[in-house]
Structures are given as C-alpha cells and as structure tokens.
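Take a look at the structure set out below.
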Amino acid sequence: MKTAIIGTGYVGLTTGVALAYLGHEVTCLDVDAAKVENLKKGISPIYEPHLDELMKLASRNLKFTLDAGDALRDAEVVFIAVGTPSLPDGNPDLTFLKSAAQSIGEKIASPYVVIVNKSTVPIGSGNWVESIVRDSYRARHAYQGSGFVVASNPEFLREGSALSDMLYADRVVVGADDPKALDVLRKLYQPLLEQTFEAPAFLPRPEGFRAVHFLTSDLQSAELIKYAANAFLALKISFINEISELSEKVGADIQHVSRGIGLDSRIGNRFLQAGIGWGGSCFGKDTAALISTGKEYGLPMPITQAARDVNTRQRARMVEILMSELKILKGRKIGILGLSFKPFTDDLRDAPALEIAKRLLERGAKVVGFDPVSMDRARKEWGETAIELVSNAEAVFSESDAVLLVTEWPQFRTIDFAKCAAQMKNKLILDGRGHLDSTQMNQAGIRLITLGRATR
Ligand SMILES: NC(=O)c1ccc[n+]([C@@H]2O[C@H](COP(=O)([O-])OP(=O)(O)OC[C@H]3O[C@@H](n4cnc5c(N)ncnc54)[C@H](O)[C@@H]3O)[C@@H](O)[C@H]2O)c1
C-alpha cells in the first residue's frame, strides 16, 4: 500500500521502517533538511537498537523526502507523526499538527485517502484535523466528503525497544467513524496482525507469539486510550515511588515490596521499579494534557495530578538526600552516570539528569556527567547548562564527592568500582534506579544509598 509518513522522528521513522519492512511502499516526509539528507544516506538521526539494520533491510520500499507533494500525491494512507510538545499551560502545542494537516489537504490526490493521527493528540483532534484538511482540500477539489477520512491510531512504542514493540505489539488500536477506513488500516497492518512476515534475525519473534489484537473504536475512544494508558503507567511508577519513600522510613526494602506486589497477577510486576521516576517526551506531556482536557470539561483529575507531583518530588529527593549526606553542596564535585531519560535511547527530553544537575548547579556544586550514547546530543542540546561532559564512566568518579546513578545502563554494572573508588574524594554513590549491587559496592569500599532501601 502506498503510505506516507509526516514527521520522521522517533515514532514516524520507526513506523515508516516497520511498514516498509512489511512490504508497503513508504515515503517519509520531514521539514528538517539535515535529517532527511542523513536518512537518504542510511544514517538514522536517533539511537534506537536495530533501527539501522531494519532500515537497510527495508530500503527497497523506503524513501525520504522534504517535498510534501512527492510524499502525498499518490498516498493511500498518510500517517501524521509530528511532535506535540507541551505548552506552558499543559496543553499540547498543535502547530506542527496543523501544518501537517494543511499540507495533506493541499497535496493528496488519491481517490480515497485514510489520514491517520499517530501523534498523541488531544481528544477531538480527529475532527479538528479533518476540518483543516477539508478547508485546504476544498480549494482544489469540489469536496463531497468522500476523498479522505481521518482515523486515530495511537502509538504505544517504548524508545529503546521501539521496533520489537511495533512488530510484536500488544495491540493495534484504530479509531474511525468510517468502517471503510478501519478496513484499509486492517489491510495495512495485516502482516503484523497475523504475524505472516519473516522475522528479522536480529529481532526474533517471541516464542509462542502468533497474532496481534486489532482493537477498533470510534475516534474519541482511540484518542482517550492513548492518554489513559500513559497516565496509568505514570501512576504505577509514582505509586511505587510513594511506597518507596515510606519504605525507607519504616526500614523496609522496596525491591522486596515491589516483587511481593508484582507477583499478584492482578497487578503485574512491570512499571513497579522504584527510582527517580519517569522522564521522556510522553508521560509528563500526556498527563498534563489529560488534566488540561479534564479542566476544559470542569473535571478535576486528582489521581493523575498526584502521579505528576510524586514524580517531581523524586528528582528533588535525590538532591535532598545528597544535602543530608554532604551537608554542603557548594564547591562539591558531583558525578552523574547516565543522561538519557532511560537506557537504550539517546532521547534527552525531560531527562531527570538535567533537572537534578540544574538543582545541584544552583546550589554551587560542580557537575560532571557521562552517558554511553547521548553525549553528542547533550553537547548540542544542553550546551549552556554547565554540566561538564566527560568521555567515559570512570572519569565521573575522579575527585568526586558523590556519584549519582540516574540512568540504568547495563554497562554501569561492570564499572571497575574498586579502581574508581580510589579516585573519589568521598566514596559515596546514590543509586536512583536500584541498579547496583550492594555487596559489590561494600567490597569496593563505597557507601551505597539506594532510593527506597532503608539500609542507608
Ligand atoms: N517518542 C515516543 O516514545 C512516542 C511514543 C508514542 C507516541 N508518541 C507521540 O508521537 C508524536 C511524535 O513523537 P516523536 O517522539 O516521534 O517526535 P519527534 O520530535 O522525534 O519527531 C517529530 C518530527 O516531525 C517533524 N515535523 C514537524 N512538523 C512537520 C511537518 N509539518 N511536516 C513534516 N515533518 C514535520 C520534525 O522535524 C521531527 O522530525 C508525539 O505526538 C508523541 O507524543 C511518541
């Protein structure tokens, strides 16, 4: 099927590559010339495991362009995957969505086009996009309401495992008011739904995985499913973090508590790891948008608000714990291990590392940081923040008064801690992710404080 993707970021690129791999003819459109130039050379603008390899395998069916006409002219399905970042009032900024919808109306020419909102957009955006497309489409065609339809197909991928989340999804959710649009999208996703494609060697199909659930609904329900799913996951993380603070006070170990709760099949163990809390481009933005939508209808959403408050508090707690240990932060050297908001991605949007570093810098500390994949991005995006970026994990320890583990990259477990301890001014690690082994730290002569463990 001829498919266009508008916006070639984390979601658009992953979707485009996956659909091309499944056999569709995909053109990815973006407004960022440098990004498109690199993609044409096979260079991915983001770090995402196996994306380069899958892009290579799918290259026969995959094109990148800056030219909206080129992407949209023959498209039968058009995905909108542009960013919808938060505005200061919590509402998402829909500028990119609006301009994508205008280009669609100006350029589509196939007899029936399904326009799919894959961006996370406020409830009602399907109708809004439809009206923008209609206005610009009308300028060229005698609009009879049959040339296109807008559907919602929210994305649930997790950065760091985006490709397997897409190829072996828990579900595909599609909302549309026109049954024909649902049929088109069912056909588009068929190889994925029925798992008839040959699994790439580097992304093997999980054992016993046979089919993907295809859930259809009206537009609004599909839009709400995305917000509700993210709010629920955010809530689960904040819940365990709230319990984790109590755990420290009463002398419990949150890792035991978490396991004990998670073994209950009604609850499940995922998203129950206590720590600094969530970051990234979605949970903060989407919970703010949900609350903002509630407000529009006069409906307070106290549970979602509480999840946000607890998350903000976790970042502050890292600094509070350091202050209670070191007493004075002025003139101290603090190392940060991990800058990306989670491992296996280079995404720095709403990364806890930056907020924690800023709080430390405000209090007069010197901050050094290292990340296995997001150093270039940090140099570009955080240039002015005064975090000194060092070239390896060991350098973070040199003459430091404390090291904070902020992102749980697996390689941080294999650091030569005994060697690093010898270089530390004060042998203290604050583990914000429950990632390090206390026996190993003891042997290295390092005092380890883990969020949620009373042993500190
Ligand atoms: N990143 C995730 O993990 C994730 C997961 C699920 C859903 N989402 C949602 O998907 C959407 C996209 O997120 P992302 O992380 O991929 O964003 P991103 O910022 O990585 O990518 C957006 C891309 O759109 C391009 N763009 C903007 N306006 C354009 C236009 N008019 N025409 C063509 N290209 C345009 C930008 O240049 C950029 O490359 C957001 O709504 C987000 O909430 C993201």
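The values are calculated or read from the model by the stated rules, or taken from the named source; none is laboratory data. Because the structure is a prediction, the values reported are computed rather than measured. A quick note on method: Cβ atoms are made from the backbone with ideal geometry, for glycine too, and the neighbour counts reach across all protein chains shown.
Yes or no, residue by residue, for (1) closer than 17 Å to residue 396 by Cβ; (2) free of Cβ contacts under 8 Å to residues at least 12 places away in the same chain; (3) surrounded by 23 or more Cβ atoms within 10 Å (Cβ to Cβ):
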site	(1), (2), (3)
320	no, yes, no
326	yes, no, no
337	yes, no, yes
355	no, no, no
366	yes, no, no
372	yes, no, no
375	yes, no, no
TODO: From 281, 238, grab the single residue that is in contact (Cβ under 8 Å) with a residue 60 or more places away in the chain and either of a type in the set (Val, Ile, Thr) or assigned to a helix (DSSP H, G or I) (or both).
DONE: 238
TODO: Hey, can you tell me all the residues within the stretch 399-439 that are without any contact (Cβ under 8 Å) to a residue 40 or more places away in the chain and more than 28 Å from the chain's Cα centre (by Cα)?
DONE: 416, 417, 418, 419, 420, 421, 422, 423, 424, 427, 438, 439
Open item on the list: Could you go through the stretch 135-144 and let me know if any residue there is within 16 Å of the ligand (Cβ to nearest atom) and either without any contact (Cβ under 8 Å) to a residue 12 or more places away in the chain or buried (at least 23 other Cβ atoms within 10 Å of the Cβ) (or both).
Closed with: no
Open item on the list: Return the residues of the stretch 233-258 that are farther than 14 Å from residue 313 by Cα and more than 23 Å from the chain's Cα centre (by Cα); say none if nothing qualifies.
Closed with: 247, 248, 249, 250, 251, 252, 253, 254, 255, 256, 257, 258
Task: Qualifying positions in the stretch 146-165 - closer than 19 Å to residue 121 by Cβ, more than 10 Å from the ligand (Cβ to nearest atom) and not aromatic (Phe, Trp, Tyr) - done: 149, 150, 151, 152, 153
- [ ] Starting from the stretch 165-181, take each residue that is basic (Lys, Arg) and list its partners that are surrounded by fewer than 22 Cβ atoms within 10 Å (Cβ to Cβ), counting only C-beta distances under 6 angstrom and pairs at least six apart or across chains.
- [x] 171/213; 171/215
Open item on the list: If I ask for residues that are at pLDDT 95 or above and either within 18 Å of the chain's Cα centre (by Cα) or at positive phi (or both), which ones from the stretch 86-119 would you list?
Closed with: 93, 117, 118, 119
- [ ] Could you pull out the residue among 215, 246 that is in a strand (DSSP E or B) and surrounded by fewer than 18 Cβ atoms within 10 Å (Cβ to Cβ)?
- [x] 215
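Please pick out the residue among 40, 35 that is outside the structural domain of residue 372 (by TED's automatic domain parsing) and near the ligand (Cβ under 9 Å from one of its atoms).
35
Answer yes or no: is there a residue in the stretch 110-118 that is surrounded by 19 or more Cβ atoms within 10 Å (Cβ to Cβ), of a type in the set (D, E, K, R), within 8 Å of the ligand (Cβ to nearest atom) and not assigned by TED's automatic domain parsing to the domain that holds residue 350. Please lay out each step first, then the result.
Keep residues of the stretch 110-118 that are surrounded by 19 or more Cβ atoms within 10 Å (Cβ to Cβ), which gives 113-118.
Narrowing the set further to residues that are of a type in the set (D, E, K, R) leaves 118.
Narrowing further to those that are within 8 Å of the ligand (Cβ to nearest atom): 118.
After this cut, where a residue has to be not assigned by TED's automatic domain parsing to the domain that holds residue 350 as well, the list is 118.
Checked against the condition, which is being surrounded by 19 or more Cβ atoms within 10 Å (Cβ to Cβ), of a type in the set (D, E, K, R), within 8 Å of the ligand (Cβ to nearest atom) and not assigned by TED's automatic domain parsing to the domain that holds residue 350, the stretch 110-118 yields at least one hit.
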- [ ] Quick one: in the stretch 171-202, of everything that is within 19 Å of residue 24 (Cα to Cα) and under 23 Å from the mean Cα position of the chain (by Cα), which residue is surrounded by the fewest Cβ atoms within 10 Å (Cβ to Cβ)?
- [x] 189
- [ ] Take the residues in the stretch 142-191 that are of a type in the set (A, V, I, L, M) and assigned to a loop (DSSP other than H, G, I, E, B), then tell me which one is farthest from residue 10 (Cα to Cα).
- [x] 142
- [ ] Using the structure shown, decide if residue 46 is within 9 Å of the ligand (Cβ to nearest atom), crowded, with 21+ Cβ neighbours inside 10 Å and under 30 Å from residue 291 (Cβ atoms).
- [x] no
TODO: Considering only the stretch 7-31, state which residues are within 12 Å of the ligand (Cβ to nearest atom), surrounded by fewer than 23 Cβ atoms within 10 Å (Cβ to Cβ) and not aliphatic (A, V, I, L, M).
DONE: 9
TODO: Might you check whether a residue that is crowded, with 19+ Cβ neighbours inside 10 Å, of a type outside the set (S, T, N, Q) and within 16 Å of the ligand (Cβ to nearest atom) occurs anywhere in the stretch 266-276?
DONE: no
- [ ] Check whether at least one residue in the stretch 76-93 is within 14 Å of the ligand (Cβ to nearest atom), without any contact (Cβ under 8 Å) to a residue 40 or more places away in the chain and over 21 Å from residue 172 (Cβ atoms), and report yes or no.
- [x] yes
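Restrict the check to the stretch 394-401 and report whether at least one residue is of a type outside the set (Asp, Glu) and in contact with an Asp or Glu (Cβ under 9 Å, 6 or more places away or on another chain). Quick ask: steps written out before the conclusion?
Residues of the stretch 394-401 that are of a type outside the set (Asp, Glu), as a first pass: 395-398, 400.
From the residues that got through so far, the ones that are in contact with an Asp or Glu (Cβ under 9 Å, 6 or more places away or on another chain) too are none.
No, there is no match, as no residue in the stretch 394-401 is of a type outside the set (Asp, Glu) and in contact with an Asp or Glu (Cβ under 9 Å, 6 or more places away or on another chain).
Return yes when residue 229 is of a type in the set (Gly, Ala, Ser) and out of contact with any Ser or Thr (no Cβ under 9 Å at 6 or more places or on another chain) and no when it is not.
Numbers: of a type in the set (Gly, Ala, Ser): yes; out of contact with any Ser or Thr (no Cβ under 9 Å at 6 or more places or on another chain): yes.
Judged against the criteria, residue 229 is a match.
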TODO: Filter the stretch 199-251 for residues that are among the basic types (Lys, Arg), more than 22 Å from residue 175 (Cβ to Cβ) and either modelled with pLDDT under 95 or within 16 Å of the ligand (Cβ to nearest atom) (or both) and give the result.
DONE: 249
